[in-house]
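Student: Below: one structure in structure tokens.
Just so you know, all these numbers are worked out from the coordinates, no wet-lab data involved. On a predicted model such as this, the values are computed, not experimentally measured, just so you know. As a convention, Cβ positions derive from the backbone with ideal geometry for all residues, glycine included, and neighbour counts pool all protein chains shown.
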Amino acid sequence: MDIVLSCDKLNKKYGRTYALRDLDIQLEENVIYGLLGRNGAGKTTLLNVIAGGLFANDGTIEVRGKKLSKGALPEDCCFVRENNKLFGGARLIEILQFASNFYPNWDWTFTHKLIQTFGLDPNQKIKQLSRGTESLVGNIIGLSSRSALTLFDEPVLGLDVLMRERFYKELLEDYANHPRTILLSTHLIDEISPIAEQVYIIDKGSILLHDEMNQIRMSAHLIRGNLDAVATFTKGKRVLHTESYGYGKLAAIYEKLNDEDRLQARKLDITIENLTLQRFFSYLIEGGH
Amino acid sequence: MNVTFDEKQPIFQQVADIIEDDILNGTYREDEQILSVAQFSQLFQINPATVVKGIGLLVNEEILYKKRGLGMYVSSDAKQKIKNKRRNRFYNELLSNLICEADKLELTTEEIIEMIKQLRKE
């Protein structure tokens, strides 16, 4: 797979605080990525640095193998920020017309379809839109741009369930017909789970985990049984977090289990449950591994 | 419209199951085309790569076949193939788990058969 973007040992400091610390990330062509992390973990900083809005203190960024010089913007890249206070008194259609000039692959047919799907009026002034619907404007730009690298920072914050679902549907259908690299940073972890192919988990400015969704699904388990049984079963396996209750114990593990393991579990009277992405994320961060 | 994909199985396996269910319930008839990847992806809100993988499973099992330039079609003997496949799964998974639970509860084979007879009557 071709690498569209790679960051090597990115560092970004604010005073003495590291917002990004020795961060490595590689984005392949035609993949949907989920970027997960707590508040303050560095998601927005990372996206800003990639999109050229911020300079890193250290480290390199390469776009399709070519080093990006300081201050340069990656070609064919669209970054949809979480907050866009810049629209002011303009009308929706005017903002979109303005934006379309920056993206060579812009598709107006798609734009009009999106305006309709999201129930917006093209002649409405942005500042008259209800809270949350402003993020739809950015999302329309992000999707219509058809940029080879499209970055969304919390695209569905403030959107109600129906709008969130419409956004995901439009994203997926368009991605299927026009494959490109899309990265979505989000708090709504379980929602992104069926949509993302690969996941980057960022914590305290560094990448804590990078894996394919499939692999996570096959490896993230919750083990339940009595203390001794769980201890025996989890020996040699990657344990994220444990909690005891009386003679019982819960253990969140990150390990692929084969038939032998499952047989052993049955013999030890241990229940194995698959963890949702969100719970896996919680245990991972909680455990600090 | 949203189908809940649970955590018990890989999503691509669940995609294959959905297509199989649709073949069994008559939504798709043999030698008919199935939904495109883009449509499936949009309808069920899942990544197209996962849909492709699920379809790939069924192509390997010769339940679906590809028509160049047109899309994916249901094989002429798909229904029978699915039933056979599911019988195996019934035995290896559902029944195995049932026996496991029955052992925990110390149920005899006769008791289990009696329970099955009761349920079938209803």
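Student: Arrange the following residues from fewest to most other Cβ atoms within 10 Å of their Cβ: B:Phe40, A:Phe98. Kindly include the intermediate steps, with their values, before the conclusion.
Tutor: Numbers: B:Phe40 24, A:Phe98 12.
So the ranking, lowest neighbour count to highest, is A:Phe98, B:Phe40.
Student: Sticking with this structure for a sec: If you place +1 on the Cβ of every Lys and Arg, -1 on the Cβ of every Asp and Glu, and leave all else neutral, what size is the dipole of segment A:55-186 about its Cα centre, to the nearest 20 Debye?
Tutor: 220 debye
Student: Straight-line reach only, C-alpha to C-alpha below 26 angstrom: list the lysines that A:Lys66 could link to, leaving out same-chain residues fewer than 8 apart.
Tutor: Within the straight-line cut-off, A:Lys66 pairs with A:Lys9, A:Lys12, A:Lys13, A:Lys43.
Student: Quick one: angle between helix A:161-177 and the longest Cα principal axis of chain A, in degrees between 0 and 90, rounded to 10, please.
Tutor: Between the helix axis and the principal axis of chain A, the angle is about 80 degrees.
Student: Something else: Using a basic spin-label model with each label point 7 Å from the Cα along Cα→Cβ, how many nm lie between A:Lys204 and B:Asn60?
Tutor: About 4.1 nm separates the two model spin labels.
Student: Any idea how far apart A:Leu73 and A:Tyr14 come out in nm if each label point goes 7 Å out from Cα toward Cβ?
Tutor: The two pseudo-label positions are separated by 2.4 nm.
Student: Which value, in debye to the nearest 20, describes the size of the charge dipole of chain A about its Cα centre when Lys and Arg Cβ atoms bear +1, Asp and Glu Cβ atoms bear -1, and nothing else is charged?
Tutor: Numbers: 35 positive and 37 negative charges, 159 e Å.
That gives chain A a dipole magnitude of about 760 debye.
Student: To two decimal places, what compactness ratio does segment A:1-131 give when its Cα radius of gyration is scaled by 2.2 N^0.38 Å?
Tutor: Working: Rg = 17.3 Å, N = 131, 2.2 N^0.38 = 14.0 Å.
In units of the 2.2 N^0.38 Å rule of thumb, it is 1.24.
Student: Mind listing the long-range amide H neighbours of A:Asn274? Cut-off is under 5 Å, sequence gap 5 or more, other chains count too, H placed in the peptide plane at 1.01 Å from N.
Tutor: For A:Asn274, the qualifying residues are A:Leu222.
Student: Could you work out the relative contact order of segment A:116-236, using alpha carbon pairs under 8 angstrom and six or more residues apart, expressed as a whole percent?
Tutor: Details: 87 pairs, mean separation 22.0, N = 121.
Computed value for segment A:116-236: 18 percent relative contact order.
Student: Using DSSP loop states and a limit of at most 13 other Cβ atoms within 10 Å to flag trypsin sites (Lys or Arg not before Pro), what is the longest stretch of chain B containing no flagged site? Please report the intermediate quantities before stating the final value.
Tutor: Working: sites that count: B:Lys8, B:Arg29, B:Arg68.
Answer - B:69-122.
Student: Give me, ordered by chain and number, the residues 5 or more places off A:Asp58 or on other chains with an amide H under 5 Å from its own placed amide H.
Tutor: Here the answer is A:Asn11, since their amide H atoms fall under 5 Å of that of A:Asp58.
Student: Would you kindly work out the equivalent ellipsoid of the protein assembly as shown from its C-alpha gyration tensor and give its semi-axes, the square roots of five times the eigenvalues, largest first in whole Å?
Tutor: Working: eigenvalues 359, 179, 72 Å².
Ellipsoid half-lengths, sorted descending, are 42, 30, 19 Å.
Student: If I build a Gaussian network model for chain A, linking alpha-carbon pairs within less than 10 angstrom, which residue out of A:Thr117, A:Thr109, A:Thr150 has the largest mean-square fluctuation?
Tutor: A:Thr109
Student: Between segment A:185-262 and segment A:45-93, how far is it from one alpha carbon centroid to the other, in angstrom?
Tutor: Answer, in whole Å: 33.
Student: In nm, to one decimal, how far is the modelled label at B:Gln39 from the one at A:Glu82, with both set 7 Å along Cα→Cβ?
Tutor: So the two model labels end up 3.9 nm from each other.
Student: Segment A:1-46: which trypsin sites (Lys or Arg not before Pro) are DSSP loop and have at most 16 other beta-carbon atoms within 10 angstrom?
Tutor: Working: sites: A:Lys9, A:Lys12, A:Lys13, A:Arg16, A:Arg21, A:Arg38, A:Lys43; in loops: A:Arg16, A:Arg38.
Taking segment A:1-46 and a limit of 16 other Cβ atoms within 10 Å, the loop trypsin sites (Lys or Arg not before Pro) found are A:Arg16, A:Arg38.
Student: Moving to a separate point now. Just the Kirkwood number for segment A:82-167, please: inverse of mean 1/r across all distinct Cα pairs, in Å, one decimal. Walk me through the intermediate numbers first.
Tutor: On the way: mean 1/r = 0.0773 Å⁻¹.
Computed over segment A:82-167, the radius equals 12.9 Å.
Student: Here's another thing I want to ask about it. With θ taken as phi - 60° and the coefficients 6.51, -1.76 and 1.60, list the Karplus ³J(HN,Hα) couplings across segment B:89-103 in order, rounded to whole Hz; mark glycine and proline as x.
Tutor: Those phi angles translate into 5, 4, 5, 6, 10, 4, 5, 4, 5, 5, 4, 4, 5, 4, 4 Hz.
Student: Continuing with the same structure: What net charge is computed for the residues neighbouring A:Leu157, neighbours being all others with C-beta under 10 Å from the C-beta of A:Leu157, Lys and Arg scored +1, Asp and Glu -1? Don't skip to the answer; put the middle values down first.
Tutor: On the way: positive: A:Arg164; negative: A:Glu82, A:Asp153, A:Glu154.
Every neighbour counted, the sum reads -2.
Student: Using the charge dipole of segment A:1-115 (Lys, Arg: +1 at Cβ; Asp, Glu: -1 at Cβ; taken about the Cα centre), state which of A:Leu114, A:Ile61, A:Ile3 has its Cα farthest towards the positive end.
Tutor: It is A:Ile61.
Student: Fewest Cβ neighbours within 10 Å first, please rank B:Cys100, A:Cys7, A:Cys78 accordingly. Working shown, then result.
Tutor: Numbers: B:Cys100 10, A:Cys7 21, A:Cys78 26.
Going from least to most buried by this count: B:Cys100, A:Cys7, A:Cys78.
Student: Give me the angle, in degrees from 0 to 90, between the Cα long axis of helix B:48-60 and the longest principal axis of the Cα atoms of chain B, rounded to the nearest 10.
Tutor: So the helix axis and the longest Cα principal axis differ by about 70 degrees.
Student: To continue, here is another question. Reachable lysines from A:Lys256, Cα under 20 Å, same-chain residues fewer than 8 places away excluded?
Tutor: A:Lys235, A:Lys237, A:Lys267, B:Lys8, B:Lys53
Student: With a cut-off of 8 Å between alpha carbons and a minimum separation of six or more residues, what is the relative contact order of chain B in percent? Intermediate values should be presented prior to the final figure.
Tutor: Values: 96 pairs, mean separation 28.3, N = 122.
Relative contact order of chain B: 23 percent.
Student: Taking the Cβ of each residue in A:Tyr254, A:Tyr175, A:Tyr14, B:Tyr65 as the centre, tally the other Cβ atoms inside 10 Å and list the residues starting with the fewest. Please list the in-between numbers first.
Tutor: On the way: A:Tyr254 21, A:Tyr175 24, A:Tyr14 9, B:Tyr65 14.
So the residues, fewest neighbours to most, are A:Tyr14, B:Tyr65, A:Tyr254, A:Tyr175.
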